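Undergrad: To start, I am sharing the structure in question, which I have written as structure tokens.
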Amino acid sequence: MKKISELRAQNENMSQRELAEAINVTQASISRWEKNQLSISGANLIKLATYFKVSTDELLGIEDNQ
């Protein structure tokens, strides 16, 4: 999910390690999510959305075309 790296960049160039510590996952998980090499669990998706104050749809790149 490229969106994670974009949100990290907007958050004072937060490192993957800093984000990982903030949401209690490994830095490797953050890296793999950003490269779409690992599926993200619903629980971790919610942690990310809550941390960055965005919707899960936004994180997943889902757009409302209505």
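Undergrad: Take the residues of the range 56-66 that are within 15 Å of K2 (Cα to Cα) and of a type outside the set (D, E, K, R): which is surrounded by the most Cβ atoms within 10 Å (Cβ to Cβ)?
TA: Top of the filtered list is L59.
Undergrad: Further, regarding this structure: Can you tell me which residues in the range 11-54 are part of a loop (DSSP other than H, G, I, E, B), of a type outside the set (V, I, T) and out of contact with any helix residue (DSSP H, G or I) (no Cβ under 6 Å at 6 or more places or on another chain)?
TA: Of the residues in the range 11-54, the ones part of a loop (DSSP other than H, G, I, E, B) are 11-15, 24-26, 35-41, 53-54.
Then keep just the ones that are of a type outside the set (V, I, T); that gives 11-15, 24, 35-39, 41, 53.
N11, E12, N13, S15, N24, K35, N36, Q37, S39, S41, K53 - these are the residues of the range 11-54 that are part of a loop (DSSP other than H, G, I, E, B), of a type outside the set (V, I, T) and out of contact with any helix residue (DSSP H, G or I) (no Cβ under 6 Å at 6 or more places or on another chain).
Undergrad: Looking only at the range 32-49, which residues are under 10 Å from the mean Cα position of the chain (by Cα) and among the polar types (S, T, N, Q)? If you could, list the steps in order and put the result at the bottom.
TA: Step one: list which residues in the range 32-49 are under 10 Å from the mean Cα position of the chain (by Cα), which gives 33-34, 40, 44-49.
Selection gives N44 alone.
Conditions tested, residue by residue: (1) touching a residue at least 24 places away in the same chain (Cβ under 8 Å); (2) farther than 17 Å from G61 by Cβ; (3) exposed (fewer than 11 other Cβ atoms within 10 Å of the Cβ).
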{"site": "N11", "(1), (2), (3)": "yes, yes, no"}
{"site": "R17", "(1), (2), (3)": "no, yes, no"}
{"site": "Q27", "(1), (2), (3)": "no, yes, no"}
{"site": "Q37", "(1), (2), (3)": "no, no, yes"}
{"site": "S41", "(1), (2), (3)": "no, yes, no"}
{"site": "T50", "(1), (2), (3)": "no, yes, no"}
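Undergrad: Counting only residues that are of a type in the set (A, V, I, L, M, F, W, C) and touching a Phe, Trp or Tyr at 6+ places or on another chain (Cβ under 9 Å), how many does the range 26-43 have? Talk me through it step by step, then tell me what you get.
TA: Let us first name the residues in the range 26-43 that are of a type in the set (A, V, I, L, M, F, W, C), namely 28, 30, 33, 38, 40, 43.
Narrowing further to those that are touching a Phe, Trp or Tyr at 6+ places or on another chain (Cβ under 9 Å): 40.
Result for the range 26-43: 1.
Quick note: the coordinates plus some simple rules give every number you see, no bench work behind them. Fair warning: this is a prediction, and the values are worked out from it, not measured in the lab. In this analysis, Cβ positions are derived from the backbone assuming ideal geometry, glycine residues included, and neighbour counts consider all displayed protein chains.
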